[in-house]
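Structure record follows, encoded as structure tokens.
The values are calculated or read from the model by the stated rules, or taken from the named source; none is laboratory data. From a predicted model like this one, the values you see are computed outputs, not experimental measurements. Please note: Cβ atoms are built from the backbone with ideal geometry, for glycine as well, and neighbour counts cover all protein chains shown. Just so you know, the surface numbers come from the protein's heavy atoms only, side chains and all, with ligands and any DNA or RNA stripped out. Shrake-Rupley method; radii C 1.70, N 1.55, O 1.52, S 1.80 Å.
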Amino acid sequence: MFNCLTRPLRFLLGALLLVLASSAWADNSSSFLVSPGYQYLVDESGDLSLRDVLDQEHPWRAESVEGAVQRGYTSNTLWLRFRFSVASDQQQRIYLELASPFLDFVDFYLVQSTLQGNNLLAHGVGGDHQEFIQHALDHRFPLFPFSVSQAGEYEVYVRLRSDGALIFPVSFLAPEAFFRNEFRAQAFYGLFFGMMAVLAFYNVYVWYFLRDKTNLFNAAFIVSAMFYQASISGFGSQYLWGQQVFLNDKGYGLGILATVYFAGRFAVLFIDLKNRIPWLARPTDAFVTLFGLAVIPTVLLPERLVLPLVYPFEILVCVYAVLVLVHQCFTNNYWARYLMAGWSVLIVGTCCYVAAQLGWIKFSIAIEYIHAAGLSLGNLMVTSALAARMQRERTEKNRALKQALELAQEVTELTREKEQIAASARDELDRRVDQKTRDLNSMLDQLKQSNEKLAKDTLTDALTGVGNRRFLDLRFPELIKQCQQTRASLGVLVIDADHFKKINDQFGHLVGDECLKKIAVMLQRFSRRNLDVLVRYGGEEFILLLPATDEEAGLKVAESIRGHIHFASFWSGKQRIPVTVSIGLHTVVPDGRETGEMLLVKADEALYKAKKSGRNCVQVYQQEAEAANP
């Protein structure tokens, strides 16, 4: 099955490498030459015009990074200066592409220096905050086509102001090279969005029929990734929401947060983290929820104040995910291996993209492609694994059904044979039929016992054998409703072992576990009625629910429990262990307004009072108002 799942992954990875390798096919026959690097000027006042920049001396700074601007987030206006030379007098068409859809305001100036002075040859404006602009080409990025017809040196000035990060590739391209690159980008992202849309539809379709949240969260993850990639690639503003300023400004940040949030929710369910590592599931949920809550400041605050704080957490999430998946792979988590294989390219691409946004590495279109490819290939692999898991479950069910049908058919055939054969063979046939029937009944009994054991295991505490919190959540509302209908009193006892941490520290956790088991056995003696409920609530705390028990009867039971445990013998070797319990009691005749949580809170307050009263005692819940007006 692994080969079946990885075959489409290998195919699409090869297609990705082919697309990336094709970027080397650029036509280098153009007769203009762009000087390496560029220069930039920070305009803190934001009032400099082109005339001010040309006529006055300013502290221009040189940047040696070729083909990309990496100035990060800034609230100041930024001027860029590029130089290029033309070798012939033939007219040439050149496209200047600033490959970022997040630039708010862009001004472009083409200047030629002559003996008579600086001549402004072309001027253009762009940016997603510019209104009523007509462009020669409807492009997803700010694009400025211009023509030169004389040999010589030229300068291009670009004035930028944006709330987003000023990190993007810059390209001076001949028309043929520009359209060739754009065709490759359109083909790549067409494949990406098409494949992601199919995967999202498939997961929603499966969820609709199976109601499995794993598929629902995976579909939400895929849709969020599509929205995120539509934002950073510019196709969202080009084809979907146009010049909607809110989506252009907030879509990128919201896409990041939604993608991480739903990916985390999906991964926790897919590898069954809550059952495999319960202590790790809760901080993981909190970590993932943090990204969901970060939507609020993303919507309310400028991007430059939020995303620089989100990026380190995004890298931390990737590292955290790798550590958890590696751990699960080594603990024989079958599905964690597929998630690790599927998300490997995604995690590498995400780390590279975030590192480029933080200025740690040079940003390039290849990083964006790898990031998008990781999303698509990872989701394809994981969706294939989900399908494989469904197929495995279906195969196991079909196998069991087939065995049952075969046994039933064999019993039927033996029965028919029994009727046809003479009386001389009746005893033998009866024996064989009875044996097969016993086998079938045994198998059915085993299946029934397995189902009952599975149901019991999910409601039973593994250490003590009494009910767990899930069992309490199931039975508590039923008892409240029954007592309300019969107008009977319901007693709630919260029982907590005193100084149990000291026992664990002094005698060890194994001895502490044995003490808990013995306490549970003793408590079971006081919960023998069919409707009594005993659960281990957590640690050394137990809860005993006694229907049809008023305060006086509940107090007697509580005192009896406390006395039995106090005088019981708990030993570690030849040393006696002093074990006592404190008990909080609350009794009430439910009237429809009480919930299990409310009753537990009151009983817990009584327990707290017992702890403050010196422990090894029983306290009854007594509200101040009730005490004043009995």
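Using +1 at the Cβ of each Lys and Arg and -1 at the Cβ of each Asp and Glu in the chain, identify which of PHE201, ALA151, SER613 lies farthest towards the dipole's positive end.
SER613
Please compute, for the alpha-carbon atoms of the chain, the extent along each of the three principal axes and give them in descending order in Å.
Principal axes ranked by extent give 111, 88, 52 Å for the Cα atoms.
Restricting the count to DSSP beta bridges whose residues both fall in segment 535-630, what percent are antiparallel, rounded to a multiple of 5?
Values: 5 of 8 bridges.
In segment 535-630, DSSP labels about 60 percent of beta bridges as antiparallel.
Across the Cα atoms of segment 283-363, what radius of gyration and what greatest pairwise Cα-Cα distance (Dmax) are found, in Å?
Radius of gyration, then largest Cα-Cα span, for segment 283-363: 14.8, 45 Å.
Can you show me the helix-derived [θ] at 222 nm for the chain, built from DSSP H runs with n ≥ 4 at -39,500 (n - 2.57) apiece and divided by the number of residues, rounded to the nearest 500. Could the numbers behind the result be given before it?
Numbers: 18 runs with 358 residues, N = 630.
For the chain, the value works out to -19500 deg cm²/dmol.
What does the charge dipole of segment 183-317 about its Cα centre add up to, to the nearest 20 debye, if the Cβ of each Lys and Arg holds +1 and the Cβ of each Asp and Glu holds -1? Before the final figure, lay out each step's value.
On the way: 9 positive and 6 negative charges, 40 e Å.
Value, rounded to 20: 200 debye.
Give the angle, between 0 and 90 degrees and rounded to the nearest 10, that separates the Cα long axis of helix 334-357 from the longest principal axis of the Cα atoms of the chain.
So the helix axis and the longest Cα principal axis differ by about 40 degrees.
What longest range of the chain stays clear of loop-exposed GluC sites (Glu not before Pro) (DSSP non-H/G/I/E/B, at most 10 other C-beta within 10 angstrom)? Write down the numbers at each step before the final one.
Numbers: sites that count: GLU44, GLU57, GLU131.
The longest such stretch corresponds to 132-630.
To the nearest 10 Å², what's PHE105's accessible area with a 1.4 Å probe?
Probe radius 1.4 Å; accessible area of PHE105 about 60 Å².
Rank these residues by their accessible area, most exposed first, probe 1.4 Å: ARG51, ARG276.
Working: ARG51 135, ARG276 115 Å².
Final ranking, largest accessible area leading: ARG51, ARG276.
Assigning unit charges at the beta carbon (Lys, Arg +1; Asp, Glu -1) and nothing else, what dipole magnitude in debye, to the nearest 20, does segment 106-218 show about its Cα centre? Working shown, then result.
Values: 7 positive and 10 negative charges, 94 e Å.
That gives a dipole near 460 debye.
Can you pick out the pairs among LYS397/LYS448; LYS501/LYS612; LYS481/LYS556; LYS518/LYS574 whose Cα atoms lie more than 19 Å from each other? Provide the component values of the computation, followed by the final result.
Details: LYS397/LYS448 15 Å; LYS501/LYS612 17 Å; LYS481/LYS556 24 Å; LYS518/LYS574 17 Å.
Violating the 19 Å limit, Cα to Cα: LYS481/LYS556.
Which part of segment 526-546 falls in the paramagnetic zone of GLN482, meaning amide N under 13 Å from the point 7 Å along Cα-to-beta-carbon?
Only 528-534, 545-546 pass the distance filter.
Go through CYS515, CYS329 and list them by solvent-accessible area, largest first, probe radius 1.4 Å.
My answer, sorted largest first, is CYS329, CYS515.
Determine, from the Cβ-Cβ distance of ALA387 and GLN409 and an R0 of 35 Å, the FRET efficiency 1/(1 + (r/R0)^6), rounded to the nearest 0.05. Don't skip to the end; give the middle numbers.
Numbers: r = 31 Å, r/R0 = 0.89.
The formula returns an efficiency of 0.65 here.
Restricting to Cα pairs below 8 Å that are 6+ residues apart, what does the relative contact order work out to for segment 258-322? Please round to a whole percent. Could you put the intermediate results ahead of the total?
Working: 22 pairs, mean separation 20.8, N = 65.
So the answer I get is 32 percent.
In nm, to one decimal, how far is the ARG529 label point from the MET598 one, both placed 7 Å along Cα→Cβ?
Using points 7 Å along Cα→Cβ, the separation is 2.2 nm.
Ordering ILE315, ILE296, ILE561 from largest to smallest accessible area (1.4 angstrom probe), what's the sequence?
Descending order: ILE296, ILE315, ILE561.
Under 14 Å between alpha carbons, and skipping anything fewer than 8 positions from LYS418 in its own chain: which aspartates and glutamates qualify?
GLU410, ASP427, GLU428, ASP430, ASP434
Can you tell which of ALA558, LEU516, LEU545 lies farthest toward the positive end of the dipole of segment 513-612, using +1 and -1 charges on the Cβ of basic and acidic side chains (Lys, Arg; Asp, Glu)?
Of ALA558, LEU516, LEU545, it is LEU516.
Give the angle, between 0 and 90 degrees and rounded to the nearest 10, that separates the Cα long axis of helix 551-567 from the longest principal axis of the Cα atoms of the chain.
90
How high is the FRET efficiency between PHE567 and ASN275 when r is their beta carbon distance and R₀ equals 30 Å, given to the nearest 0.05?
Numbers: r = 39 Å, r/R0 = 1.31.
In this case the efficiency is close to 0.15.
Using a 7 Å offset from the Cα along the Cα-to-Cβ direction at both ARG469 and GLN420, what is the distance between the two label points in nm, to one decimal?
Roughly 6.3 nm, to one decimal.
List the trypsin sites (Lys or Arg not before Pro) within segment 175-222 that fall in a DSSP loop (any state other than H, G, I, E or B) and whose Cβ has at most 11 other Cβ atoms within 10 Å.
On the way: sites: ARG180, ARG184, ARG211, LYS213; in loops: ARG211.
Listed in order of number, the matching sites are ARG211.
What is the P(r) of segment 477-630, as percent of Cα-Cα pairs per 5 Å bin from 0?
In order of increasing distance, the bins hold 2, 10, 18, 22, 19, 13, 8, 5, 2, 1, 0 percent.
For LEU280, what accessible surface area do you get with a 1.4 Å probe? Give it in Å², rounded to 10.
Per-residue accessible area (LEU280): approximately 30 Å².
Given a 1.4 Å probe and the protein chains all in place, what does the accessible area of TRP60 round to, in Å² to the nearest 10?
50
Just to confirm, what accessible area per residue do you get for the chain at 1.4 Å probe, in whole Å²?
Working: 32950 Å² over 630 residues.
Value for the chain: 52 Å² per residue.
Below 8 Å between Cα atoms, with a sequence gap of 6+, how large is the relative contact order for the chain in percent? Before the final figure, lay out the partial values.
Details: 934 pairs, mean separation 59.9, N = 630.
Computed value for the chain: 10 percent relative contact order.
Helix 245-270 versus the longest principal axis of the chain: what angle, 0 to 90°, nearest 10, using Cα atoms?
Once rounded, one gets 30 degrees.
Dipole magnitude of the chain about its Cα centre, charges +1 at Lys/Arg Cβ and -1 at Asp/Glu Cβ only, in debye to the nearest 20?
That gives a dipole near 2500 debye.
Please list, or write none, the lysines whose alpha carbon is within less than 19 Å of the alpha carbon of LYS274, excluding same-chain residues fewer than 8 places away.
Within the straight-line cut-off, LYS274 pairs with LYS213, LYS456.
Only loop residues by DSSP count here, and only those with at most 10 other Cβ atoms within 10 Å; note down the trypsin sites (Lys or Arg not before Pro) in segment 537-605 that meet that. Show your work: numbers first, answer last.
On the way: sites: LYS556, ARG562, LYS574, ARG576, ARG593, LYS602; in loops: LYS574, ARG593.
For trypsin sites (Lys or Arg not before Pro) across segment 537-605 that sit outside H, G, I, E and B with at most 10 neighbouring Cβ atoms in 10 Å, the list reads LYS574, ARG593.
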